[in-house]
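Reviewing the structure listed below.
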Amino acid sequence: MAIDSHAHLEMMEFDQDREAVLTRAAEAGLEVIVTVGTTLADAEKAVALAHRYASVYAAVGIHPHEVKGINGDTYDALRVLARQDKVVALGEIGLDYFYEYSPREVQQRCFAEQLALAGELKLPFIIHDRDAHEEILAILKNQPLPLRGVMHCFSGSWAMAQECLRLGLYLSIAGPVTYKKAETLQEVAQKMPLERMLIETDAPYLAPQPFRGKRSEPAYVMETAGRIAALRGVPVAEIQEQTAANARRLFALPARSQA
């Protein structure tokens, strides 16, 4: 059994076949999918899906692309959502300097504010980091340690991975680890402590190599687990089971018999 620790089942890309996607995930051996809101509207959808499906849990937060629209009412709404049953994290939050759909200074301020909100709500956080490694680390180092959160779709170097691990973070490995030229990510997946690793799809994005260029879906997390197992020279079941245990620990998910 495995856990897809980060997907976006609430997005419109799944509106036509969401039930079939969940069926395929179960058939592939997934016990839990964490679906992650990136806007207030999508966070509401994520929570609704978690209430509807036993295998789905939700995270709620405002993606760095969207933080230019945040105000006090947004945080009040997030507080209400975050206290709903089956909401297990605040996220995804962070910095994105690749697109810069929101100004950098606004991203930095809102990232710090949402980290504080996670602390207030006693929830772990899910971090989005694209082309902002140094700034992410600088903001995180101003937080009380150890940190309770995960670097989603980790894209940094082994040196950065070590910094994140020292801060207490988990690292989540996604489909790009299966790509031929992803040597840096493969190094991280091979060297990092398995007890601090999560796996994810980021569906509908970042489909692993056999499905690259197509819509990703949670069942494909097994491809990522298989590649990590090959890199580490261990049975794939070990990767599936340990990363699932890690996700249960971080997100306070029920034990397998209750999931």
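For a Förster distance of 45 Å, can you work out the FRET efficiency between the beta-carbons of Lys68 and Lys180, rounded to the nearest 0.05? Don't skip to the answer; put the middle values down first.
Numbers: r = 37 Å, r/R0 = 0.81.
Approximately 0.80, to the nearest 0.05.
Among Ile173, Ala112, Ala237, whose Cα projects farthest towards the positive end of the dipole of the chain, with charges put on the beta-carbon of Lys, Arg (+1) and Asp, Glu (-1)?
Most positive-ward Cα: Ala237.
Under unit Cβ charges (Lys, Arg +1; Asp, Glu -1), what dipole magnitude, rounded to 20 debye, does region 2-258 have relative to its Cα centre? Present the calculation step by step, with values, prior to reporting the outcome.
On the way: 27 positive and 34 negative charges, 120 e Å.
My answer is approximately 580 debye.
Among Ala48, Ala159, Ala77, whose mean-square fluctuation peaks in a Gaussian network model of the chain (Cα, cutoff 10 Å)?
Greatest mean-square fluctuation among the candidates belongs to Ala159.
So between Asp17 and Glu238, what do we pick up on full extension, going 0.36 nm a residue minus the alpha carbon distance?
Numbers: separation 221, 0.36 × 221 = 79.56 nm, distance 3.08 nm.
Full extension of this stretch gives 76.5 nm more.
Do any trypsin sites (Lys or Arg not before Pro) in region 88-153 lie in a loop, going by DSSP, with at most 14 other beta-carbon atoms within 10 Å of their beta carbon, and if so which? Walk me through the numbers on the way to the answer.
Working: sites: Arg104, Arg109, Lys122, Arg130, Lys141, Arg148; in loops: Lys122, Lys141, Arg148.
Listed in order of number, the matching sites are Lys122, Lys141.
With a point put 7 Å past each Cα toward its Cβ, work out how far Arg166 is from His51 in nm, to one decimal.
Label at Arg166, label at His51, 4.5 nm between them.
Which distance in Å, rounded to a whole number, links the C-alpha centroids of region 114-128 and region 60-107?
Taking the Cα centre of region 60-107 as reference, the centre of region 114-128 is 10 Å away.
Under 13 Å from the 7 Å Cα→Cβ point of Arg83, by amide nitrogen: which residues of region 99-129?
121-122
Among Met192, Leu81, Gly91, whose Cα lies farthest out toward the positive end of the dipole of the chain, if unit charges sit on the beta carbon of Lys, Arg (+1) and Asp, Glu (-1)?
The residue sitting most towards the positive pole is Met192.
Could you order the peptides 209-216, 23-30, 220-227 from most to least packed, using the average number of other C-beta atoms within 10 Å per residue? Mind dumping the intermediate values first?
Details: 209-216: 14.1, 23-30: 16.5, 220-227: 24.0.
Top to bottom by mean Cβ count within 10 Å: 220-227, 23-30, 209-216.
Viscosity 1.567 mPa s, temperature 4 °C: what is the translational diffusion coefficient of region 40-98 from Stokes-Einstein with a Kirkwood Rh over Cα pairs, rounded to a whole number of µm²/s?
Details: Rh = 11.8 Å.
It diffuses with D of about 110 µm²/s by this estimate.
If you take the charge dipole of the chain about its Cα centre, with +1 on Lys and Arg Cβ and -1 on Asp and Glu Cβ, which of Ser157, Ile136, Leu206 is farthest toward its positive end?
Among Ser157, Ile136, Leu206, the one farthest towards the positive end of the dipole of the chain is Ser157.
In region 21-61, which residues have a backbone nitrogen under 20 Å from the label point lying 7 Å from Lys214's Cα in the Cα-to-Cβ direction?
21-30
Match the structure shown to one of the listed values (i) -0.31, -0.48; (ii) -0.35, -0.53; (iii) -0.20, -0.34 of log10 I(q)/I(0) by the Debye sum over Cα atoms at q = 0.07, 0.09 Å⁻¹, computed from it, and give that label.
(iii)
For Arg104 paired with Asp131, estimate the spin-label separation in nm (one decimal), with each label point 7 Å from Cα along the Cα-to-Cβ line.
1.1
Taken together, the values in this text are just the output of simple stated rules run on the coordinates, not laboratory data. What you see is a predicted model; the values in this text were computed from it and never measured. In this analysis, Cβ positions are derived from the backbone assuming ideal geometry, glycine residues included, and neighbour counts consider all displayed protein chains.
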